[in-house]
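The values are calculated or read from the model by the stated rules, or taken from the named source; none is laboratory data. Note that this is a predicted model, so its numbers are computed, not measured. Backbone-built Cβ (ideal geometry, glycine too); neighbour counts: all protein chains shown. Remember, those area values only see protein heavy atoms, side chains included, never the ligands or the DNA or RNA. Shrake-Rupley method; radii C 1.70, N 1.55, O 1.52, S 1.80 Å.
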Amino acid sequence: TLYHFGVLTSSVHMAWMRTVAGRLKSDYRYSKDIVYNNFPWPDADDVRRAEIEKTAQGVLDARAAHAGSTMSNLYDISIMPDDLRAAHRANDRAVMAAYGFAPDMAEAGIVARLMERYARLAGVQGAA
């Protein structure tokens, strides 16, 4: 769904992936068993879900506006189109809000909060 796309393409999920995914040389190995199935999704109400769906559609619309470009070109940080960059920033803000994270939270803080949430969801003793 657009909601899932929005969360999975957010900086929050990317921080989780960079932390828990395996690697083969320098490439990440995204695994459904380790990365996806253990990802602590936000408890988003209907308003937050709708906002994420809206911003996710914004990412897709920005990509469509550059239909002749490859994904490699679209996501080359030095030449990424401004509208796509802005769409991802808006999506990141919406996902961060769904988690209750500050919009300027650093990646280390995001990962720490996700790990705390994962521990609670997994029923780990002493989890915050």
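Observations on the structure shown:
- Close pairs (6 angstrom Cβ cut-off, 6 or more residues apart or separate chains): farther than 13 Å from residue 50 by Cβ in the range 2-14, part of a helix (DSSP H, G or I) and of a type in the set (D, E, K, R) anywhere: 10/92; 11/92
- Single unsatisfied condition, residue 38 versus (1) open to solvent by less than 50 Å² (accessible area, probe 1.4 Å); (2) in contact (Cβ under 8 Å) with a residue 24 or more places away in the chain; (3) in a helix (DSSP H, G or I); (4) not aliphatic (A, V, I, L, M): (3)
- Exactly one residue out of 120, 85 is farther than 29 Å from residue 61 by Cβ and either among the charged types (D, E, K, R) or open to solvent by 70 Å² or more (accessible area, probe 1.4 Å) (or both), and it is 120.
- When the criteria are applied in full, residue 43 meets the requirement of being assigned to a loop (DSSP other than H, G, I, E, B) and either touching a residue at least 40 places away in the same chain (Cβ under 8 Å) or closer than 23 Å to residue 99 by Cβ (or both).
- Contacts under 8 angstrom Cβ, first residue in the range 99-128 being farther than 17 Å from residue 16 by Cα, partner open to solvent by 80 Å² or more (accessible area, probe 1.4 Å) and modelled with pLDDT under 95, 6 or more apart: 127/120; 128/120
- Per-region count, the range 14-35, residues out of contact with any strand residue (DSSP E or B) (no Cβ under 8 Å at 6 or more places or on another chain) and either closer than 18 Å to residue 75 by Cβ or part of a loop (DSSP other than H, G, I, E, B) (or both): 6
- Condition check for residue 121: modelled with pLDDT of 95 or more and not in a loop (DSSP other than H, G, I, E, B): no
- Restricting the range 29-88 to residues that are modelled with pLDDT under 95 and of a type in the set (Phe, Trp, Tyr), the residue that is farthest from the chain's Cα centre (by Cα) is 30.
- Note on the range 1-42: residues that are among the polar types (S, T, N, Q), touching a helix residue (DSSP H, G or I) at 6+ places or on another chain (Cβ under 7 Å) and over 18 Å from residue 119 (Cβ atoms) total 3.
- Pick from the range 52-76, criterion in contact with a Lys or Arg (Cβ under 9 Å, 6 or more places away or on another chain) and surrounded by 12 or more Cβ atoms within 10 Å (Cβ to Cβ), ranking: nearest to residue 3 (Cα to Cα): 55
- Test: residue 114 is exposed (fewer than 14 other Cβ atoms within 10 Å of the Cβ) and out of contact with any strand residue (DSSP E or B) (no Cβ under 8 Å at 6 or more places or on another chain): no
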